[in-house]
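The structure appears below as structure tokens.
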Amino acid sequence: MKVLIVDDTNTDRLLLKLHLVKLGYRVVEAGNGQEAIEQFLEHSLDLDLILIDVQMPKMNGFEAVKAIRKIQQEKKQEWLPVIFLSASAEADDVEDGILAGGDDYLVKPLSQKILSAKMLAMQRIADMRRRLVESNIALEEQASTDYLTGVANRRAFEVLLEREMSRTRRYGSHLACAVMDLDKFKDVNDTFGHDAGDTVLVEVVSRIQSNLRDDDVIGRLGGEEFGIILANTKAEELLAICNRYRHLIGDTEVIHDDVSIPVTASIGVTTFHGEKETKAAFIKRADEALYEAKETGRDKVVY
Ligand code: GH3
Ligand code: MG
Ligand code: MG
Ligand code: MG
């Protein structure tokens, strides 16, 4: 744990430092509010606590903490506990300290036991918050991932597509998207079983993903239907790229429980029309091309 100690009185600062070092903390020091901000900026990413005096020359503790809280908010940084250490026990000062962004306020002379206890309490809250942030990230990841294949689900795919559309508008580059649907997949399930069907879905995604061009993205739109975002792709190259993806699926049978399963895919592709185009219209055109691929024999790419 790393603690920033801010105090203009050298002896106070030294005593506190010795105490904390003995307890195993790493310590950074500052002699006034301005130095506190500088030290915060330099160490902010691995600071765990700030202990700060109130009365100091140049900039007092209240002002410094207000400034630090503002920076943290702007940079969307995690919570960092701040405890004021002051000679004044005035109720108004305690209130000002909390309003300035402090989490606690201790009156000097300090009891080492009380300080340690308060630091423990802050640490406990910080740990709790960290766990909460981590579980939120895990939940968000879960909510955007398809459980079977591990790729983006429909929701996440559409977010990524929207982002790519904005980028394409901004830079005037090219963009294409494809909708791919496995052919007669119901028959695969009926003939080989649902588990075999699942294996096919996982294998299809894995083959495409390991051959995907750097900026391309595959997502599962639902069932046996997938979307592919083809960044920086012009109409001329589109068919060749998607036919390559199609062959990755159709040329080699999928093995499940020592049984070979033939699989083919139909792919509808389209290019982005730019400025006024909505995501719905963009996807719909690819869907219509897919429909045509199905109607005219399957195992093909239609633009
Ligand atoms: P088409 O060539 O016209 O696309 O025919 P199809 O049989 O592929 O199309 P249809 O929409 O009739 O059937 C899709 C099948 O996909 C039906 C459904 O049981 C199966 N399916 C959807 N999701 C899953 C899944 O997660 N696992 C398995 N094993 N099958 C799935
Ligand atoms: Mg002082
Ligand atoms: Mg199908
Ligand atoms: Mg389908």
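All of the numbers you see were taken from the coordinates with simple rules; none came from a lab. Quantities reported herein were computed from a predicted structural model and do not represent experimental measurements. Quick reminder, even Gly has a Cβ in these numbers, built from the backbone with ideal geometry, and neighbours come from all protein chains shown.
Quick notes on this one:
- V3 vs. criteria in a helix (DSSP H, G or I), closer than 22 Å to L120 by Cβ and among the β-branched types (V, I, T): no
- Of the strands (runs of 3 or more DSSP E) that lie entirely inside the range 24-98, those containing 1 or more residues that are touching a residue at least 60 places away in the same chain (Cβ under 8 Å) and farther than 15 Å from K2 by Cβ span 82-86.
- Selected residue (criterion: surrounded by the fewest Cβ atoms within 10 Å (Cβ to Cβ)) from residues of the range 148-205 that are within 16 Å of ligand 3 (Cβ to nearest atom) and in a loop (DSSP other than H, G, I, E, B): L148
- Residue in the range 32-44 that is over 38 Å from the mean Cα position of the chain (by Cα) and surrounded by 13 or more Cβ atoms within 10 Å (Cβ to Cβ) present: no
- Subset of the range 229-248 that is within 31 Å of the chain's Cα centre (by Cα), in contact (Cβ under 8 Å) with a residue 60 or more places away in the chain and in a helix (DSSP H, G or I) - its residue that is nearest to H273 (Cα to Cα): L238
- Matching residues in the range 6-23 - criterion: being part of a loop (DSSP other than H, G, I, E, B) and polar (S, T, N, Q): T9
- Subset of the range 54-81 that is closer than 22 Å to I125 by Cα and touching a strand residue (DSSP E or B) at 6+ places or on another chain (Cβ under 6 Å) - its residue that is surrounded by the fewest Cβ atoms within 10 Å (Cβ to Cβ): P81
- From the list S111, S135, S116, the lone residue that is in contact (Cβ under 8 Å) with a residue 24 or more places away in the chain and hydroxyl-bearing (S, T, Y) is S116.
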